[in-house]
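The structure appears right after this line, and notes come after that.
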Amino acid sequence: MTASTLLVVAKAPEPGVAKTRLAGRTGADVAARFAAAAFLDTLETVSVLGWPVVVAPTGAHNPAAPGEHRPAACAPHRVVAQRGTTFGQRLVNAHEDADAGAGVVQIGTDTPQATTADLIAVADGLQSHEAVLGPAADGGWWALGVRSPRWARPLSDVAMSRSDTGARTYAALTAAGARVGDAPVLTDVDTWEDALALVRTAPRSRAGRVIAELVAGGVS
């Protein structure tokens, strides 16, 4: 099949802004370092496939932020600024900016355990569906594949970061006429318990090692 464009939507790893739920246990600096590590894990995974990669980050580069290595990691890829007032609008615009005519597979950086097989499953689903949704265990979604940007437009009306965002997104896509395929369910790593599970499932990941170091130092 023709390679889809992989769209990585990334939040700046700023202390006090990134991974605030995890920060309650780890502290803001470590949570930001975890977020930066998760970004690098995600970018490494999408790079392995050899498909076109577009990165849509928020925030300006801050050299003082813990583990801030985004500029070097993004250098081999096309970077587009996020545009729009709401998160949903920014996602729609990012799909427009990333599209190269062969479909777009969007992923965030909350699932550093995502594998190339997970991403291929999303892309493969686009052969028989206009959109493919990768559900997250918390009720959201970790990946969205669309054949063309028009199928991302319903996102502008979906409330994000809710326990029913996945269901609302599915409903909006089907209401727009899309046949929606399923992808594997993954867990967004937002809490300490999620992070401990990441250490077990992806011990070699950079993000997993950040948490493993804390556990080795006595944090439990």
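Observations on the model:
- Within the accessible surface of the chain, defined with a 1.4 Å probe on protein heavy atoms only, the carbon and sulfur portion equals 52 percent.
- Beta bridges per DSSP, both residues in the chain: antiparallel share near 40 percent.
- Computed E for Asp164/Ala72 - FRET, C-beta separation, R0 41 angstrom, nearest 0.05: 0.60
- DSSP H segments from the chain that extend 27 Å or more along their own axis, Cα-based, with Kyte-Doolittle mean of -0.5 or above: 28-48
- Globularity ratio of region 129-220, using Cα Rg and 2.2 N^0.38 Å: 1.34
- For region 72-95 versus region 152-220, the gap between their alpha-carbon centres in whole angstrom: 19
- Sorting Trp151, Trp51 by solvent-accessible area of protein heavy atoms yields Trp51, Trp151, largest first, with a 1.4 Å probe.
- Average accessible surface for the chain: 44 Å² per residue, computed with a 1.4 Å probe over protein heavy atoms with every protein chain in place.
- Approximating the spin labels as points 7 Å out from Cα along Cα→Cβ, the Thr86-to-Gln127 distance works out to 3.6 nm.
- Calculated [θ] (222 nm, deg cm²/dmol) that DSSP helices of n ≥ 4 give over the chain, each run adding -39,500 (n - 2.57): -12000 deg cm²/dmol
- If you wrap region 88-146 in the convex hull of its Cα atoms and look at it from every side, the mean projected area works out to 4.4 nm².
- Candidate values [x] 142; [y] 108; [z] 162, label of the one derived for volume of the Cα convex hull per residue in Å³: [y]
- Farthest toward positive dipole pole in region 20-131 [+1 Lys/Arg, -1 Asp/Glu at C-beta], among Ala31, Val105, Pro57: Ala31
- Subtracting the Cα-Cα distance of Ala216 and Asp182 from 0.36 nm times their residue separation leaves 8.5 nm of extension gain.
- Maximal additional length on extending the Ala3-Ala171 stretch stands at 57.8 nm, based on 0.36 nm per residue less the C-alpha distance.
- Among Ser47, Val180, Ala137 - extreme Cα towards positive end, dipole of the chain, charges at beta-carbon: Ser47
The values are calculated or read from the model by the stated rules, or taken from the named source; none is laboratory data. Note that this is a predicted model, so its numbers are computed, not measured. For neighbour counting, all protein chains shown are included, and Cβ atoms are generated from backbone atoms with ideal geometry for every residue, glycine included. Accessible surface areas use protein heavy atoms only, side chains included; no ligands, DNA or RNA. Shrake-Rupley method; radii C 1.70, N 1.55, O 1.52, S 1.80 Å.
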